[in-house]
Amino acid sequence: CGRGRTSAVLVDEYRANVRAFDIDPDIVADAARLRPDIEFRVDDATKLEGYGDEAFDMVCFPFNGIDYIPNRSAREACYAGVARVLRQGGIFVYSSHNRRALLANKDARRIFRHNLWRLLTKADMLYEPGRMWALPLWHGTPEAEAAMLSKAGLEQVSVWSRRRGAPTDDPATAK
């Protein structure tokens, strides 16, 4: 949930009953201080402990937060957990970096320079360089996402492509 921006919108605009979590206790404390009316807690998206089977109508993982999960097996564990806690017909909404969209990134040259070997070997995690650090982030393809979602028992309904400006149900066309 980070500091709760999306949680606040869901509560304020849609009157949703929100239970939000983040792995970072300091961020959860900030969120709870800013919005004491929302239930915030510390939890790990790769485990989803303490949530019952089919407990939610929707799971939302906004702002590419899912891309900070450190590797493919942990990401697959997250998807399996989401599949477990979603009710039949529930919706999983998330945003993620698309490896094919790297050329549209304003920092593409820096990203390529720091990741040439990873790009050539088709590694999932690429480093997003900052001024004093480089942060590993998932950069997959829509087809890889569809395969992992299917493995977890989730069905990919559509992919929103910023470049296309519209949703598509064909992951191969999402750029």
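For this structure, a couple of remarks:
- Magnitude of the charge dipole, the stretch 1-47, Cβ model with Lys/Arg +1 and Asp/Glu -1, debye to 20: 100 debye
- For the stretch 46-56, 3J(HN,Hα) computed residue by residue from phi via the Karplus equation (6.51, -1.76, 1.60; θ = phi - 60°) reads 8, 10, 6, 6, x, 10, x, 4, 6, 8, 10 Hz, glycine and proline entered as x.
- Across the stretch 141-147, computed HN-Hα scalar couplings (Karplus, 6.51 cos²θ - 1.76 cosθ + 1.60, θ = phi - 60°) run 10, x, 5, 5, 4, 4, 5 Hz from first to last residue, x flagging Gly and Pro.
- Calculated FRET value between LEU135 and VAL93, using beta carbons and R₀ = 22 Å, to 0.05: 0.40
- With protein chains left intact and a 1.4 Å probe, residues in the stretch 19-76 average 57 Å² of accessible area per residue.
- Nearest-0.05 FRET efficiency for TRP160 and GLU49, computed from C-beta distance (R0 41 Å): 0.85
- Peptides 136-142, 82-88, 68-74, 40-46 ordered by average Cβ neighbours within 10 Å, highest first: 136-142, 40-46, 82-88, 68-74
The values are calculated or read from the model by the stated rules, or taken from the named source; none is laboratory data. Computed from a predicted structure; not experimentally measured. FYI the Cβ positions are ideal-geometry reconstructions off the backbone, even for glycines, and counts take in every protein chain you see. Quick note on the areas: whole protein, heavy atoms, side chains included, nothing else; ligands and nucleic acids left out. Shrake-Rupley method; radii C 1.70, N 1.55, O 1.52, S 1.80 Å.
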